[in-house]
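The values are calculated or read from the model by the stated rules, or taken from the named source; none is laboratory data. All figures in this text were calculated on a predicted structure; none of them were measured in a lab. Every residue, glycine as well, gets a Cβ built from its backbone with ideal geometry; the counts of neighbours run over all protein chains shown. Note: accessible area is taken over every heavy atom of the protein model, side chains too, but ligands, DNA and RNA are not part of it. Shrake-Rupley method; radii C 1.70, N 1.55, O 1.52, S 1.80 Å.
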Amino acid sequence: FTALFCYSLMRNFLTLFMLFFIQQVCSQTLLQHYNSANSPLPDGEIRSLATDDSGALWVGTDFGLFHLDDGVWSSYKSDNSGLADDFVKNLLWHDGLWIGGLSGGLQLLHLGEWTNYTTSNSPLPGSNLTALAKDKQEGI
C-alpha cells in the first residue's frame with residue numbers, strides 16, 4: 001500500500017510539474033519574425049542559420065553575415081570585417097563560426113579573429129563551398 005501511495009503521489013506531482021512547465025513555455029514568445037523593417041537584415045534570401053554556444057543567432061545572407069545577441073544586431077561585411085565574401089552560403093558553429101561563401105573559400109571566426117582557408121593555403125579543392133558539416137570525429 002505504501003509503495004502504491006508513493007507511486008500515485010509521485011505521478012500526480014510529475015503531472016502537475018509538467019502542466020506547470022508546459023504553461024510556462026507556452027506563455028513565452030517562442031518565435032520572433034525579423035525582416036528588413038525591424039532589423040539590419042537585407043531584403044533577399046537567408047542562406048544559412050547557426051546558433052553559438054551562448055544561444056546567439058548567426059544569419060548568412062546574400063549581402064553579408066549578421067549576428068543577433070540579446071536583442072542587439074551586428075553586421076559583418078567584406079568592407080567592415082575579415083569576411084572574404086559577402087555572399088554567405090553556409091554556417092556551422094563548432095569551436096567558432098565556420099563560414100562558407102560563394103567565392104571566399106572557408107573562414108573561421110573564433111574569439112573575434114578571422115582565419116581564411118583558400119585553395120592556396122589549404123587542401124580545399126575550390127572556393128565555392130556548397131555545404132558544411134561535422135563528421136563523427138568532430139572534424140569539419
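For residue 130, the stated conditions hold: it is out of contact with any strand residue (DSSP E or B) (no Cβ under 6 Å at 6 or more places or on another chain) and either open to solvent by 70 Å² or more (accessible area, probe 1.4 Å) or under 16 Å from residue 65 (Cα atoms) (or both). With the condition kept exactly as written, say whether any residue in region 111-118 is at pLDDT 90 or above and part of a loop (DSSP other than H, G, I, E, B). Yes, region 111-118 contains a residue that is at pLDDT 90 or above and part of a loop (DSSP other than H, G, I, E, B).
If the condition is being of a type in the set (A, V, I, L, M, F, W, C) and modelled with pLDDT under 90, then region 37-60 contributes 37, 41, 46.
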